[in-house]
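S.K.: Take this structure first; my questions come after.
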Amino acid sequence: MADRTLSAKIKVGFEYSVHFGYDVFSENNPILGEIFSPRLFPERPRALFLVDKGLAEASPALLGKVECTLKRLDGALEVAAPPLALEAGESFKTLDDISHLCSMMAEQRLCRHSFVMMLGGGAFLDKIGLAASLVHRGLRQIRFPSTVLSQCDSGVGVKNGINMMGKKNLLGTFHPPFAVVNDFKLLETLGRRDWISGIAEAFKVSIIKDKDFFHWLCGNAERLAAREMECMQEMIVRCAEIHLDQIVNGGDPFEFGSSKPLDFGHWSAHRLESLSNGSIRHGEAVAIGIALDANYAFKIGLFDEKSLKILIKSLKTLGFSLWNETLEKRHPDGTRMLFDGIEEFREHLGGELHISMPDGLGSKIEVHSMDKALLEESISDLRKNEDS
């Protein structure tokens with residue numbers, strides 16, 4: 001028989017909704033009733049509801065409200081178990097956690113038509129989402145992001161992951177959710193650090209995607225720092241819009257290509273998180289990362305000085321520290337441990353380095369190498385800006 005080749009081209013469409021509301025677990029809020037209308041689910045699929053333990057402790061009435069909501073949805077869903085609070089945070093994104101979660105989902109007899117509903121911050125959604133994407137090759141996910149960062153960034157996307165070998169999200173999947181519900185009431189429990197952390201992600205996308213949004217952020221930095229909820233809601237919706245537009249219209253929703261299109265400032269941010277053993281939160285690391293890369297972009301002629309100055313001023317107005325002693329950690333040969341993040345990005349992207357940089361304000365370009373001497377200067381500038 002002659003050699004033969006069979007080819008197959010598969011197209012799979014995904015659709016999910018991102019809802020914005022206030023107090024979605026109240027009796028009069030219609031959002032969940034619309035998502036789980038009995039006419040849409042005559043088979044009454046099973047559902048498991050998991051909650052970030054830290055959030056449950058900060059809001060003692062939350063688990064009770066969730067349980068009452070599930071009872072109201074009884075016509076559409078078969079609740080597998082009462083809402084369960086689990087540990088959250090980067091230190092709990094491990095293989096052991098995933099093994100435990102997968103066992104739990106199997107023991108609750110969840111199938112591919114079942115729902116796993118997850119309420120918490122980005123790290124919590126990462127690990128629950130990964131487990132849900134693995135069981136039976138994918139359970140339906142409903143995400144309830146509870147932080148600014150997850151509501152405007154990670155919670156509305158299609159990624160799940162856990163940390164391994166000191167690398168952030170080394171193991172993970174792309175698994176679009178069934179729906180995302182952004183409840184602004186959840187933000188009221190946030191401490192100052194978590195309130196401002198997500199704003200760094202908004203600055204990230206504005207610098208490389210939307211100059212008008214950048215100017216809006218800079219003009220409203222004081223209002224955002226003062227916890228004005230209406231201003232925060234506007235920021236979250238716009239940031240989520242940009243992320244969804246990239247996923248839907250960017251041509252590479254699962255990042256099969258050679259770049260990570262919205263990860264400006266992240267090569268150093270991920271490394272800072274690892275080097276600090278999680279003491280630097282993701283948004284705080286992103287603020288440092290975008291300040292570092294914007295400074296570097298200015299030095300190579302890709303970013304103007306006026307925009308750089310207003311960026312640094314706005315981040316400091318919000319309360320970010322743009323310097324951390326972790327930046328000074330060095331290997332025995334004297335090289336900065338931070339620079340390992342460049343090689344980690346290169347490895348993650350398939351061997352060729354692609355670092356997103358602003359190409360002017362509001363657009364981006366990919367660079368394929370970084371000048372270590374200019375990076376050293378940029379790091380020194382961060383320290384000077386912090387001291388000034």
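Every number here is computed from the coordinates shown, using simple stated rules; none is lab data. These numbers come from a predicted model, not from an experiment. No Cβ is skipped: glycine too gets one built from the backbone with ideal geometry, and neighbour counts run over all protein chains shown.
S.K.: Can you give the Rg and Dmax of the stretch 239-388 based on its C-alpha atoms, in angstrom?
M.R.: 15.1, 46
S.K.: Still on this structure: Taking the Cα atoms of the stretch 17-189, report the difference between the largest and smallest coordinate on each principal axis, in whole Å and largest first.
M.R.: 46, 35, 26
S.K.: Suppose every K and R has +1 on its Cβ and every D and E has -1 on its Cβ; what is the size of the dipole of the chain about the Cα centre, in Debye to the nearest 20? Can you show the working numbers first?
M.R.: Details: 45 positive and 54 negative charges, 136 e Å.
Dipole about the Cα centre, nearest 20: 660 debye.
S.K.: Summing -39500 (n - 2.57) over the DSSP H runs of n ≥ 4 in the chain and dividing by its residue number, what mean residue ellipticity at 222 nm do you reach, to the nearest 500 deg cm²/dmol? Show your work: numbers first, answer last.
M.R.: Details: 15 runs with 173 residues, N = 388.
The helix contribution divided over the chain gives -13500 deg cm²/dmol.
S.K.: Quick one: of the DSSP bridges fully inside the chain, what percent are antiparallel, nearest 5? The partial results should precede the final answer.
M.R.: Values: 10 of 33 bridges.
Around 30 percent of the beta bridges assigned by DSSP in the chain are antiparallel ones.
S.K.: Also, I was wondering about something else. Percent of Cα-Cα pairs more than 23 Å apart in the stretch 105-251, please. Display every interim value, and only then the final one.
M.R.: On the way: 4203 of 10731 pairs.
Percent of Cα pairs beyond 23 Å in the stretch 105-251: 39.
S.K.: Kindly flag which residue pairs out of Lys9/Lys209; Lys185/Lys306; Lys65/Lys313; Lys204/Lys384; Lys185/Lys364; Lys65/Lys159 have an alpha-carbon separation exceeding 30 Å in this structure. Present the calculation step by step, with values, prior to reporting the outcome.
M.R.: On the way: Lys9/Lys209 32 Å; Lys185/Lys306 36 Å; Lys65/Lys313 41 Å; Lys204/Lys384 22 Å; Lys185/Lys364 34 Å; Lys65/Lys159 28 Å.
Violating the 30 Å Cα-Cα cut-off are Lys9/Lys209; Lys185/Lys306; Lys65/Lys313; Lys185/Lys364.
S.K.: Okay, moving on. Express as a percent, rounded to the nearest 5, the fraction of DSSP beta bridges in the stretch 109-214 (both residues included) that run antiparallel. Each step should come with its number before you reach the end.
M.R.: On the way: 5 of 13 bridges.
In the stretch 109-214, DSSP labels about 40 percent of beta bridges as antiparallel.
S.K.: Quick one: if the Förster radius is 30 Å, what FRET efficiency do Ser103 and Phe14 give, using the C-beta to C-beta distance and rounding to 0.05?
M.R.: Efficiency at R0 = 30 Å is approximately 0.65.
S.K.: In whole Å, largest first, what are the principal axis extents of the Cα atoms in the chain?
M.R.: 72, 62, 39
S.K.: Tally the DSSP beta bridges in the stretch 17-189 and give the antiparallel ones as a percent, rounded to 5. Write down the numbers at each step before the final one.
M.R.: Details: 5 of 28 bridges.
Bridges in the stretch 17-189 that DSSP calls antiparallel: roughly 20 percent.
S.K.: Pick from Glu273, Glu228, Glu325 the residue whose mean-square fluctuation is largest in a GNM of the chain, springs joining Cα atoms under 10 Å.
M.R.: Among Glu273, Glu228, Glu325, the largest mean-square fluctuation in the Gaussian network model of the chain belongs to Glu325.
S.K.: Then there's this: Pick out which of Leu272, Leu40, Leu361 has the largest mean-square fluctuation in a Gaussian network model of the chain, springs linking Cα atoms closer than 10 Å.
M.R.: Leu40
S.K.: Moving on. When the Cα atoms of the stretch 280-332 are enclosed in a convex hull and the volume is divided per residue, what value in Å³ results?
M.R.: Details: hull volume 4.6 nm³, N = 53.
Per-residue hull volume (Cα only) is 87 Å³.
S.K.: With point charges of +1 on the Cβ of Lys and Arg and -1 on the Cβ of Asp and Glu, referenced to the Cα centre of the chain, which listed residue (Gln233, Asn163, His100) lies farthest in the positive direction of the dipole?
M.R.: Looking along the dipole axis, the top candidate is His100.
S.K.: Then there's this: Once each part is reduced to its C-alpha centroid, what is the distance from the stretch 294-319 to the stretch 4-19 in angstrom?
M.R.: Measuring centre to centre over Cα atoms gives 40 Å.
S.K.: Quick check: net charge around Met229, other residues with Cβ under 11 Å of its Cβ, Lys/Arg +1 and Asp/Glu -1?
M.R.: On the way: positive: Lys185, Arg223, Arg227; negative: Glu188, Glu228, Glu230, Glu234.
Combined, the nearby Lys, Arg, Asp and Glu give -1.
S.K.: When the Cα centres of the stretch 331-388 and the stretch 37-83 are compared, how far apart do they sit, in Å?
M.R.: Taking the Cα centre of the stretch 37-83 as reference, the centre of the stretch 331-388 is 44 Å away.
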